[in-house]
Amino acid sequence: MLETAHALITRAAKRLGLGDEQIEGLLKTDHEHVFKIELGSSKSFDAYRVQHSNKLGPYKGGIRFHPEVDLDEVRALATLMSFKTAAAGLPLGGGKGGVSVNPKELKPEELEELSRKYARYLAPYIGPDKDVPAPDVNTNAQIIDWMVDEYAKITGDKTKASFTGKSLNNGGSLGRDAATGRGGVIALAQLLKHLGRESQDITIAVQGFGNVGSFFATVAAADHPNWKLLAASDSDAGVYSTEPLDAIELDKYKQDGGRFRAYKKEGVHIISNEDLLNLDVDVLVLAALGDAVNQTNYKPSQASIILELANGPVSEAAFNKLSERGVTIVPDIIANAGGVIVSYLEWVQNKESEHWSEERVNEELERYMVKASDDLYETAEKQDTSLKEAAFINAIRRLI
Ligand code: NAD
């Protein structure tokens with residue numbers, strides 16, 4: 001993962017004519033905090049916070065609790081965050097944190113102890129103007145609330161701007177839940193506008209109908225009546241219809257704990273995840289996992305546009321093959337930037353002791369996403385590159 005991230009950055013930097021020393025500067029991390037957290041129960045876990053770059057503002061990036069977390073993964077994710085915040089035009093840097101733990105094996109009181117000790121160790125190195133962590137895989141608003149409380153106890157900070165992703169009654173922002181999916185809708189709308197296809201009917205399949213995928217589908221249904229959702233999947237099956245599916249009804253079905261393999265409605269067929277990748281649709285939205293489209297299954301995709309809402313859902317090998325076939329891939333660092341944009345807006349609200357309406361948050365999100373998307377399409381055209389390379393070029397221009 002670190003190698004892939006470095007290769008992407010190096011390629012874009014070379015296109016801009018940067019020398020070896022400047023490229024080294026872009027790749028190296030500012031600080032790497034590696035420590036152990038011991039619980040009262042004597043369980044011990046490896047913990048990390050990597051701060052990659054604060055050239056544009058405080059380090060920003062999530063904390064993941066996962067058994068496979070290691071230093072190289074955290075380094076790669078921290079590095080990519082700097083490029084994501086830069087490409088999105090935010091006054092923030094990049095960082096990432098993690099603990100090598102399976103949180104499902106911890107008792108609730110152990111999870112709280114782990115979260116508080118993580119914040120306690122890092123308190124001297126983080127804070128509203130230094131480094132602002134957020135939730136990521138297996139961490140949530142409750143975990144962040146414990147961390148904010150611990151940080152406030154140690155430092156006396158009352159702003160709650162030390163972390164984002166807090167619960168709503170503890171300084172969290174309205175609109176955060178939907179932000180990544182909503183941002184994806186805006187990125188796709190800007191691309192279609194750019195291609196002169198904004199008033200055409202567009203057919204869509206969504207792989208992964210979780211938080212991001214379901215908000216993408218429901219926001220799209222509300223804002224773009226000419227976009228037709230023909231398929232959606234969860235981890236074991238998908239639903240498909242030649243007539244548009246009702247995104248709100250599907251969302252309700254999933255919220256109530258339904259599995260797509262058991263979904264019953266006239267005209268709706270149950271398909272496999274592999275089939276979903278193979279459908280004859282205009283846009284394939286990947287909102288599930290990394291490497292979902294890879295060397296073994298890249299052939300099936302018939303869509304002319306792929307929207308990367310998950311992180312790294314198209315493997316490097318598949319990316320090259322699909323690009324050769326003329327498929328336009330909207331890269332994750334822009335397509336899913338809505339999440340970090342609303343995290344930024346949460347931080348601004350905390351610092352200014354304000355609480356914005358959801359409407360205002362969505363307007364600000366739209367402003368950032370439209371600008372970042374337009375910059376992306378313009379650079380790709382001028383430099384004659386893929387959108388992915390263009391995103392890194394835009395980020396590098398701001399980071400050097
Ligand atoms: P989630 O757990 O809510 O949803 C994931 C969905 O993918 C679930 O519906 C799950 O059933 C489905 N899924 C799992 N394996 C699948 C498979 N093999 N085929 C099809 N579907 C499968 O997670 P989320 O928060 O929606 O995040 C989705 C992706 O977006 C992740 O890669 C995450 O890292 C990325 N992301 C999320 C955010 C955010 O704000 N939540 C921000 C940026 C990136």
(request) Please find the FRET efficiency linking Ile270 to Ser44, where r is the Cβ-Cβ separation and R0 is fixed at 51 Å, and quote it to the nearest 0.05. (result) 0.65
(message) How large a share of the accessible area of the chain, in percent, is made up of carbon and sulfur atoms when the probe is 1.4 Å and the other protein chains stay in place?
(response) 47
(request) Sort out for me the Cα centre separation of the range 266-303 from the range 99-148, rounded to whole Å. (result) 35
(request) Enter the accessible area per residue of the range 204-308 (Å², integer; probe 1.4 Å; all protein chains in place). (result) 46
(message) What figure, in Å² to the nearest 10, do you get for the accessible area of Arg197 with a 1.4 Å probe and non-protein molecules left out?
(response) 50
(message) Which entries of Lys28/Lys158; Lys84/Lys351; Lys107/Lys130; Lys96/Lys388; Lys96/Lys228; Lys321/Lys382 have Cα-Cα distances beyond 30 Å here?
(response) Lys28/Lys158; Lys107/Lys130; Lys96/Lys228
(message) Given the whole protein assembly as supplied and a 1.4 Å probe, what does the accessible area of Arg75 come to in Å², nearest 10?
(response) 60
(message) Given a 1.4 Å probe and heavy atoms of the protein chains only, how would you sort Lys107, Lys299, Lys264, largest accessible area at the top?
(response) Lys264, Lys299, Lys107
(message) Let me check something: with ligands and nucleic acids excluded, how do Asp234, Asp136, Asp256 order by accessible area (1.4 Å probe), largest to smallest?
(response) Asp256, Asp136, Asp234
(message) Once you order the gyration tensor axes a ≥ b ≥ c over the Cα atoms, which shape class does the range 1-108 get: rounded for a/c under 1.5, otherwise prolate or oblate by comparing a/b with b/c?
(response) prolate
(request) Per DSSP H run of at least 4 residues, take -39500 (n - 2.57); add these up for the chain, divide by its residues and hand me the 222 nm value, nearest 500 deg cm²/dmol. (result) -14500 deg cm²/dmol
(request) Largest first and in whole Å, give the semi-axes of the chain's equivalent ellipsoid, each being the square root of 5 times a Cα gyration tensor eigenvalue. (result) 33, 26, 20
(message) If you count only protein heavy atoms and use a 1.4 Å probe, how large is the accessible surface of Asp375, to the nearest 10 Å²?
(response) 30
(request) Note down the nm distance, to one decimal, between modelled labels 7 Å out along Cα→Cβ at Asp256 and at Glu198. (result) 3.8
(request) Order Glu110, Glu363, Glu378, most accessible first, counting only protein heavy atoms with a 1.4 angstrom probe. (result) Glu363, Glu378, Glu110
(message) With the crude spin-label approximation of a point 7 Å out along Cα→Cβ, what separation in nm comes out for Lys107 versus Ala317?
(response) 4.7
(request) Averaging over all projection directions, find the projected area of the Cα convex hull of the range 179-335 and quote it in nm² with one decimal place. (result) 8.2
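The values are calculated or read from the model by the stated rules, or taken from the named source; none is laboratory data. Everything numeric here is computed off the predicted structure, so don't read it as measured data. Cβ atoms come from the backbone with ideal geometry, glycine included; neighbour counts cover every protein chain shown. Side chains are part of the model used for accessible areas, which takes the heavy atoms of the whole protein and leaves out ligands, DNA and RNA. Shrake-Rupley method; radii C 1.70, N 1.55, O 1.52, S 1.80 Å.
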